[in-house]
Amino acid sequence: MSYFVTGGTGFIGRFLIERLSRREGTIYVLVRRGSKQKYKALLEKTGLSADRLVAINGDLSKPKLGISSKDMATLKGAVKHFYHLAAIYDLKADAASQEQANTEGTRNAIAAAETMQAGCFHLASSIAAAGLYRGTFTEDMFEEATGLKHPYFRTKHDSEALVRNECKLPYRIYRPAMVVGDSNTGEMDKVDGPYYFFKAIQRLRNNVPEWVPMMGIDGGQMNIVPVDYVVDAMDYLSHQPDLDGRCFHLTNPRGQRLGDVVNIFARAAHAPKMAMRVDPKLLNKMPFRLSKMLGKLPPIQHLTQAALKDLGIPEAALGFLNMPTRFDSRQTEKALRDSGISVPPLESYAGKLWDYWERNLDDERRVDRTLQKHVEGKVVVITGASSGIGKAAALKLATAGAEVILVARNLDKLKETQREIAIRGGTSVAYSCDVSDLDSCDQLVATVLENHSHVDVLINNAGRSIRRSLELTFDRFHDFERTMQLNYFGAIRLIMGFAPSMLARRQGQIINISSIAVIVGASPRFSAYSASKSALDAFSRSAAAEFSDRNVAFTTINMPLVRTPMIGPTSIYSAVPTLSPDEAADMIADAIIERPKRIATGLGVSMQVLNAVMPKATEIIMNRVFRTFPDSAAAKGQMETAQKAEASNEQVALANMLKGIHV
């Protein structure tokens, strides 16, 4: 017994050939002349010899598959089963390509099978042949298909029609559902179907704690099956007697809604799950003209396209989020009853799919995410570069190849930073500037632009922090003025100075070193500091909205407590968990590589969510913090005693629970 397979080097084809190799007989596989490497890889994967797995040169687009007369003579009368798997399964492919491959390719395959007098023609169709049929589509239904406007649906339907109406050989048709990776290994060869949601789930996992309930869409039916089930069923059914002329739904008997599928993969990824799901059918209640008009608004289109591009989702996929079709597979289940072949529940192998995707298919793993790639040769301005976070970031960026502009009031200290950079082989220039002095800021901008022509990245790191309760501040209004002058006015003066050249070049990034206090929502004793950072955050959000389409990005880093000279006056901080300046510099490096809107710790985001959902609870927690950690001697205007008081057990416990939050 011999077999002929088109699409044998494709995903489903590779698995089917591996199953067929367990049976007796020669397997002939159609191979384009330019795909010999794929054939070699197939030999290696299956472990078959070239005598057992024979390459037949041909092309799907040519009559009778372009098989030579010599090869056709060898195949004539020898092939018992002809499997036609070759097709385009890509929603992003244009209509002409799908027509050529799916429809004309099937026509050519039928002609080739008839010429070689194959025993049975097996077509790998798809549930897409049903279109967007509303209701339950059974295995004996075909003409009832509706909603075939999309070229993928239409060409899969038309190719099946060719087999039904024109094929002179006995035939069997298989309609797989959305085919995902192997349920045992997770192996898959490309991102499509439910994999389109993986990037969004990954982003959510990386930014929001797993226990936070989320809101999402419920969507329509998603019928998912693993590739091993599909090929096991095809292999078994194709070798059973008395099944010619039948169509088999290789589908999951219990299809799941989009929201359920997303939650299954979110659980596998340890990401937050959608506790509340909105049914997209609610949009159908909106007047058609209104929904059509809203969809054409430039801001809506821009937002949609930007989100889809960021997540790698083709626009065509949006149309399938609310599929109305259920698939009846009872006849297939009956035919498979004695085989032991059944569809495993998605929950049982979702983790394997996720793990394989993250290790092998995640596009971000193939992107050069090194700091050097993103900063080499670029001009980076860092304020507050003489110590702490600024100095650590300057050393890291200069070592990676950036031309670092060091800014601080004390030029002597900047020169120390310069010497350390030089030892590491980096390049830097130092400029003295008092960021709280607006004239000094203007002079810095003019000097930098004159000497360096432009700035690629501005890091607003210089800042002032005052830890003092309000009752001790009633007669110290200048605390608020001084903090606002440096943290807010000085920062935006630099932004407004460097932004015009960034906009002109359509390239730039502004990174603001903010505080976890801003997103926690309540920070006792840091009213002046939090207010100044919150103001900068609000300004940046407004500017980002205006600059969004001109490739000038704003990133806010909500830093937790960092062990720098700024926190020195508060002796209690010696006993609480803090980041090192190097760890803070790593967050700045991530901001340059990823260009996100915001970088924050998991605890910071959790407290932000808590404050949004239960603001009174946040207030009570932070009041407990306020009562547990007293004002420092410096805040009270007193001299520090020689022997500093040790932190109490309660203080240590609370500080560890709220790790990184200013207390």
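Every number in this text was worked out from the coordinates using simple rules, so none of it is lab data. What you see is a predicted model; the values in this text were computed from it and never measured. So basically every Cβ, Gly included, is an ideal-geometry build from the backbone, and we count neighbours across all protein chains shown.
The table below lists the values:
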read-out	value
Amide H contacts of G508 (H built 1.01 Å from N, under 5 Å, at least 5 apart or other chain)	A553
Calculated FRET efficiency for the pair N623/E481, C-beta based, R₀ 30 Å, to 0.05	0.65
Gain upon complete extension [K168, T185; 0.36 nm per residue less C-alpha separation]	2.2 nm
DSSP-defined beta bridges in segment 1-176 - what % are antiparallel, rounded to 5	0
Cα-centred dipole magnitude for segment 361-441, charges only on beta-carbon of K, R (+1) and D, E (-1), debye, nearest 20	300
Mean-position separation - Cα centroids, segment 95-122 and segment 1-39, in angstrom	16
Using a Förster distance of 41 Å, the FRET efficiency for D412-E546 (Cβ separation, nearest 0.05)	0.55
Pairwise centroid distance, computed over Cα atoms, of segment 170-232 with segment 356-425, Å	39
Relative contact order %, segment 1-176, counting alpha carbon pairs below 8 Å whose residues are six or more apart	21
Distant-in-sequence amide H partners of A87 (H built 1.01 Å from N, under 5 Å)	none
Amide H partners (placed H, <5 Å) of Y28, local residues excluded	Y3, F4, V5, V54
Listed residue pairs exceeding 22 Å between alpha carbons, taken from K190/K597; K80/K190; K36/K64; K76/K156; K190/K352	K190/K597; K80/K190; K76/K156
